[in-house]
Amino acid sequence: MTKLKITNVGRDYGNTPAVEDFSLDIADGEFISLLGPSGCGKTTMLRMIAGFIEPSRGTIALNGQMISSPSAVLPPEHRSMSMIFQSYAIWPNMTVYQNVAFGLELRKVPASEISRRVGEMLEVVQLTVQASRYPAELSGGQQQRVALARAVIVQPEVLLLDEPLSNLDANLREEMRLEIRRMHNEFKITTVYVTHDQAEAMVASDRIVVMSKGRVEQIASPREIYRSPATRFVASFIGRTNFLTGRRNGAAFEFSAFKIPSDRLPSASERDQVVVSLRPHSVGVVPRRASPPDGRLISIDGSVVDRAYFGDHWDYSIKLADDSMLIASVEPYLEYQIGDNVSLDIDLEHLSVLTDATT
Ligand SMILES: Nc1ncnc2c1ncn2[C@@H]1O[C@H](COP(=O)(O)OP(=O)(O)OP(=O)(O)O)[C@@H](O)[C@H]1O
Ligand SMILES: [Mg+2]
């Protein structure tokens, strides 16, 4: 079932669009991340979902009912949504318990039910022991869990989170992104999560919306986004990659040091030129072979010109026959020296044809 239907939404500030042509159907219980660099329009989109700002174009519907259009916007307080802002304000003069209970009291829930539900919620976020403490007596991560508990306990139709972990240090962030996913698994609240941290989006999301300059670049599962980036922007924003350009010559695309029959790149069939993304750890490095192996592997000869050891992997910079360079990331026990002649094995499955790039 579609919980939230966003159709061709755009928002201008002056003459400049901050969000352009954003369309997305969010299923009931789905966890969606809006991911992209600073200024790409994530907060603007989230605030339109929350009802704090109206769209310049397009519509937003919740459970089939129109809640936002350029002519009419249902105010935030009537949307049954909870939003956590980047600076997670929890009330400093209330204890953990009071903070979490507040939303239920506002909704006139009977006292006995409040104490039961708050008790259960504090168990979930592991703050039972801290129930009577004040925010100043909590760590950053604990305060963040109070904010989450407070937002989730009112069982909102949709939970909106705007960079909720950005105030935390790296270790806590890592812990909390798992915590957020755990809360989601427990309560199944439809969630839209804004972040510019790809790891956060990867860990928590069912689907990720990658945005750049107000536009949607790709909407897909974390695996698909990583394995099959649609555009040059997505390929380089999510992890590292090599870009390889191939030109059509008869029935094949010729890359700098290898050829691929054009029928093996069906999504490029109409083009004269393609750019593919190849992740560094999708490149196998073996000692130089006399002849290429059978099967679907592409084998390219090259030599090691630089290397860096990271403990859990090696990065090798490999120079190919035409002097172009490729980065390969391999297991830490596969050690090569600078100057070694090697062969690179590439699986066609790991080449991702980009839709937007022609050079
Ligand atoms: N009230 C406003 N008036 C004018 N321009 C605005 C306003 N709010 C946002 N913008 C502009 O709209 C664009 C998108 O801003 P937005 O806050 O949505 O970005 P963001 O993706 O959330 O970035 P960040 O990761 O830095 O929070 C930016 O260029 C910003 O300067
Ligand atoms: Mg923002």
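Which of the residues spanning the stretch 232-252 are buried (at least 17 other Cβ atoms within 10 Å of the Cβ), β-branched (V, I, T) and not in a helix (DSSP H, G or I)?
Answer for the stretch 232-252, where residues must be buried (at least 17 other Cβ atoms within 10 Å of the Cβ), β-branched (V, I, T) and not in a helix (DSSP H, G or I): I238, T241.
Take the conditions under 26 Å from E54 (Cα atoms), assigned by TED's automatic domain parsing to the domain that holds A201 and without any contact (Cβ under 8 Å) to a residue 24 or more places away in the chain and apply them to L74. Does it pass?
The answer is yes for L74.
Since V146 meets every condition but one in (1) surrounded by fewer than 24 Cβ atoms within 10 Å (Cβ to Cβ); (2) more than 16 Å from ligand 1 (Cβ to nearest atom), which condition does it not meet?
Result: V146 fails condition (1) only.
Do we find that V129 is at pLDDT 90 or above, among the hydrophobic types (A, V, I, L, M, F, W, C), more than 16 Å from ligand 2 (Cβ to nearest atom) and assigned to a helix (DSSP H, G or I) in this structure?
Considered against the rule, which asks whether it is at pLDDT 90 or above, among the hydrophobic types (A, V, I, L, M, F, W, C), more than 16 Å from ligand 2 (Cβ to nearest atom) and assigned to a helix (DSSP H, G or I), V129 comes out as no.
Would the stretch 23-41 turn up any residue that is within 21 Å of the chain's Cα centre (by Cα), without any contact (Cβ under 8 Å) to a residue 40 or more places away in the chain, in the same structural domain as E186 (by TED's automatic domain parsing) and more than 12 Å from ligand 1 (Cβ to nearest atom)?
yes
Any residue at all in the stretch 2-9 that is under 20 Å from the mean Cα position of the chain (by Cα), surrounded by 21 or more Cβ atoms within 10 Å (Cβ to Cβ) and within 16 Å of ligand 2 (Cβ to nearest atom)?
Looking through the stretch 2-9, none of the residues is under 20 Å from the mean Cα position of the chain (by Cα), surrounded by 21 or more Cβ atoms within 10 Å (Cβ to Cβ) and within 16 Å of ligand 2 (Cβ to nearest atom).
Can you pull out every residue in the stretch 155-176 that is more than 16 Å from ligand 2 (Cβ to nearest atom) and at pLDDT below 90?
Q155, L168, D169, A170, N171, L172, R173, E174, E175, M176
For residues that are surrounded by 17 or more Cβ atoms within 10 Å (Cβ to Cβ) and either under 15 Å from A18 (Cβ atoms) or within 16 Å of ligand 2 (Cβ to nearest atom) (or both), tally how many sit in the stretch 30-44.
Residues in the stretch 30-44 being surrounded by 17 or more Cβ atoms within 10 Å (Cβ to Cβ) and either under 15 Å from A18 (Cβ atoms) or within 16 Å of ligand 2 (Cβ to nearest atom) (or both): 10 in total.
Select from the stretch 172-214 the residues that are surrounded by fewer than 17 Cβ atoms within 10 Å (Cβ to Cβ) and under 15 Å from F233 (Cβ atoms) and list them in ascending order.
K213 - this is the single residue of the stretch 172-214 that is surrounded by fewer than 17 Cβ atoms within 10 Å (Cβ to Cβ) and under 15 Å from F233 (Cβ atoms).
Among the candidates R79, R57, R47, single out the residue that is closer than 27 Å to M202 by Cα, basic (K, R) and either within 16 Å of ligand 1 (Cβ to nearest atom) or surrounded by 18 or more Cβ atoms within 10 Å (Cβ to Cβ) (or both).
R47
Are any residues in the stretch 10-29 within 13 Å of ligand 2 (Cβ to nearest atom) and of a type in the set (V, I, T), and if so, which ones?
Within the stretch 10-29, just V19 meets the criteria.
The values are calculated or read from the model by the stated rules, or taken from the named source; none is laboratory data. In this text the structure is predicted, and so the values were computed from the model without any measurement. Neighbour counts are summed over all protein chains in view; Cβ atoms, including those assigned to glycine, are modelled from backbone coordinates with ideal geometry.
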